[in-house]
Amino acid sequence: MYYFIVNPNSHSGRGRIIWDQLHQQLLLRGISFQYCLTRYSGHATKIASEASLLGIDSEPVYMIAIGGDGTIQEVLTGITDFDRVVFGYIPTGSGNDFCRSMELPFDPMESLEYILKAERIAPMDVPYLICGEKKSHFGISTGIGYDAGVCQEVLATPLKKVFNRLGLGKLIYLFIALKQLIFISPGKMTVTLDGENTFSYDHVYFTAVMNQRYEGGGFKFCPDARPDDGQLDMILVEGVGKLKLLFCLPTAFFGKHTGIKGIHIMTCRDIHIHSENALPVHIDGESGGIRQDLTVSIEKKPLKIILPVV
């Protein structure tokens with residue numbers, strides 16, 4: 001059974017228009033399905049939790065998220081049993097980093113086609129972030145510091161709707177990244193990998209823990225990250241002058257920043273990050289609040305995901 005979880009407000013309301021088109025196609029083809037439109041932040045998590053119970057190991061529910069990267073994060077967080085679910089995604093957002101990394105089509109109708117055929121189903125790692133007592137799954141990345149501050153301002157600024165209407169949603173991230181760079185003050189941060197190796201840095205701009213190659217609207221921060229290798233990839237940027245960082249940022253769109261001094265990329269399965277100062281945190285581009293500590297790990301079982309045939 002197909003169960004569609006739809007964020008109608010994604011991409012400044014474009015999600016509802018796209019869903020109406022998809023809904024009509026499903027009816028015309030006589031596809032058996034259920035759906036639910038999200039009404040508030042966190043609603044997709046509640047829906048996914050309830051929908052997970054509709055599947056069993058031998059006959060899982062095909063749970064399809066329709067929205068932006070933030071919708072993916074909410075749906076993944078709500079899945080209670082990975083054996084009961086096969087996950088699919090139809091993009092209607094503006095960032096679309098999940099599609100870039102997973103090499104999914106950006107066109108919703110094209111996405112519906114391969115999802116209904118379901119000819120290729122593969123495992124995908126599902127990392128989770130623990131902040132205090134709250135546990136949240138994510139599909140793309142989580143981060144603390146500069147990149148999270150950019151994400152939080154992008155969510156708040158009315159300019160995002162303007163850029164989306166112009167078809168330039170990707171550029172809003174770059175615009176705000178340049179703006180925030182003027183005012184940011186790097187600080188002390190400690191990271192502990194797999195509970196064994198601890199590294200301390202004095203002038204850190206941000207640390208991002210990634211399950212995919214891209215975040216922030218196309219920044220290829222961890223070019224070798226794979227969502228099926230059982231590993232997390234981490235990027236930490238420290239000790240770089242602001243002018244140098246300014247020129248480094250565009251190279252990250254192409255993954256050409258990795259050899260620059262002060263940019264550290266590591267792999268692990270578990271990571272704990274402690275910041276001397278409370279900093280913004282993001283989870284798949286959504287706000288994770290202001291925190292000093294976060295712990296990131298990977299679920300023992302992967303989630304099955306529908307992918308296009310290559």
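Worth pointing out:
- Candidates Leu236, Leu232, filtered to the one that is within 25 Å of Gly132 (Cβ to Cβ) and touching a Lys or Arg at 6+ places or on another chain (Cβ under 7 Å): Leu232
- One residue from Asp69, Asp107 being within 22 Å of the chain's Cα centre (by Cα), exposed (fewer than 15 other Cβ atoms within 10 Å of the Cβ) and of a type in the set (Asp, Glu): Asp107
- Looking across segment 38-60, the residues that are of a type in the set (D, E, K, R), under 22 Å from Asp83 (Cβ atoms) and not in a helix (DSSP H, G or I) come down to Asp57, Glu59.
- Positions within segment 21-32 being part of a helix (DSSP H, G or I) and exposed (fewer than 11 other Cβ atoms within 10 Å of the Cβ), in sequence order: Gln24, Leu27, Leu28
- Segment 76-166 holds helices (runs of 4 or more DSSP H) entirely within its bounds, and those carrying 1 or more residues that are in contact with a His (Cβ under 9 Å, 6 or more places away or on another chain) map to 146-156, 159-165.
- Top-ranked residue in segment 6-32 [being free of Cβ contacts under 8 Å to residues at least 60 places away in the same chain and of a type in the set (S, T, N, Q); ranked as nearest to Ser94 (Cα to Cα)]: Asn9
Yes or no, residue by residue, for (1) crowded, with 16+ Cβ neighbours inside 10 Å; (2) over 19 Å from the mean Cα position of the chain (by Cα):
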residue	(1), (2)
Gly218	yes, no
Gly241	no, yes
Phe247	no, yes
Phe253	yes, no
His257	yes, yes
Lys261	no, yes
Ile265	yes, no
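- Residue that is nearest to Val209 (Cα to Cα), among those in segment 291-310 that are outside any loop (DSSP other than H, G, I, E, B), touching a helix residue (DSSP H, G or I) at 6+ places or on another chain (Cβ under 9 Å) and of a type in the set (Val, Ile, Thr): Ile305
- Yes/no for Gly13 being small (Gly, Ala, Ser), modelled with pLDDT of 90 or more and outside the structural domain of His137 (by TED's automatic domain parsing): no
- When Val204, Val240, Val209 are checked against the criterion of being within 15 Å of Tyr146 (Cα to Cα), assigned by TED's automatic domain parsing to the domain that holds Phe138 and in a loop (DSSP other than H, G, I, E, B), Val240 stands alone in meeting it.
- Comparison of Tyr3, Tyr35 shows that the only residue that is touching a residue at least 40 places away in the same chain (Cβ under 8 Å), farther than 21 Å from Asn96 by Cβ, in a strand (DSSP E or B) and out of contact with any Ser or Thr (no Cβ under 6 Å at 6 or more places or on another chain) is Tyr3.
- Single condition Thr258 does not satisfy, out of (1) modelled with pLDDT of 90 or more; (2) outside any strand (DSSP E or B); (3) out of contact with any Pro (no Cβ under 9 Å at 6 or more places or on another chain): (3)
The values are calculated or read from the model by the stated rules, or taken from the named source; none is laboratory data. None of the values given here were measured: they were computed from a predicted structure. Reconstructed Cβ throughout: ideal geometry from the backbone, glycine too, with neighbour counts over all protein chains shown.
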